[in-house]
Amino acid sequence: VCIRDRYKTLTMLRFRADHAAAQDSVFSHVDDAFVEKNGFVPVQTLCQNKDEYLTRPDLGRRFDEKNQAVLRDLLAGQRVVLAVGDGLSSAAVQANAPDCCAAIRQGLQAQGIELGPVPFIQFCRVGAGDHIGDLTDCEVICLLVGERPGLVTNESMSAYLTYRPHTGIAESCRTVVSNIHRQGVSAVEAGAHIASLIGRILAQKASGIGLREDGA
């Protein structure tokens, strides 16, 4: 009985610790020094704070006129746009985005595709990439974003790839690479796979359910 009670206590303590880490990831911010160190260009959605981000998802999909102008100038003429957003886990972005971005850039260079500067989007929802499509008319956007933390890890990041992104595009038109973290798919491995997917998306002019398997 004593051993069983001790096991229950340890299990509860682990649960509380994991839950606290998940909450910290949701409510914490990506450090400005991290953005600067990695050469990302900071922009912000219409959300003004974390509370608004959590309660008004619609505001996390759009940019004000000032940020729209920054994005237009920054991404003008880019065929493929790579962007990073904080999403629901700052820890995921800080743990995975730099290596993943580097692997994507390297993989695309091997295909003759050059990436420009990478915007970092504060208070970012997936739909923010669609607004970037409206602003830039890019062919493909790849948005790396922190996912909702779970009890297994608070560092899971996903990549959302969309061909001809625009406001109102169906969710089924996105190709998603998920579970990017140390215990899942490593950032470097995911980046190489994402670069390959971008090449296929450009060749087939489709993403999501419209993207055929190789040889189909």
So, over other residues within a Cβ distance under 13 Å of ALA206, counting Lys, Arg +1 and Asp, Glu -1, the net charge is +3
Over the Cα atoms of the stretch 109-216 the radius of gyration and the largest Cα-Cα distance (Dmax), both in Å, equal 14.0, 40
With every protein chain in place, the accessible area of GLU147 for a 1.4 Å probe, in Å² rounded to the nearest 10, comes to 50 Å²
For GLN109 and ARG148, extending 7 Å from Cα along the Cα-Cβ vector and measuring point to point gives, in nm, a value of 3.8 nm
For ALA203 and ASP137, extending 7 Å from Cα along the Cα-Cβ vector and measuring point to point gives, in nm, a value of 2.7 nm
A chain fully extended from ASP32 to ARG182 at 0.36 nm per residue, minus the present Cα-Cα distance, gains in nm 51.7 nm
Around CYS100 (Cβ within 15 Å, Cβ-to-Cβ, excluding CYS100; K/R +1, D/E -1) the net charge comes to -3
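The values are calculated or read from the model by the stated rules, or taken from the named source; none is laboratory data. Since the model is a prediction, treat every value here as computed from it, not as a measurement. Note: ideal-geometry Cβ built from the backbone for every residue, glycine included; neighbour counts use all protein chains shown. Keep in mind that these areas ignore ligands, DNA and RNA; they rest on the heavy atoms of the full protein, side chains included. Shrake-Rupley method; radii C 1.70, N 1.55, O 1.52, S 1.80 Å.
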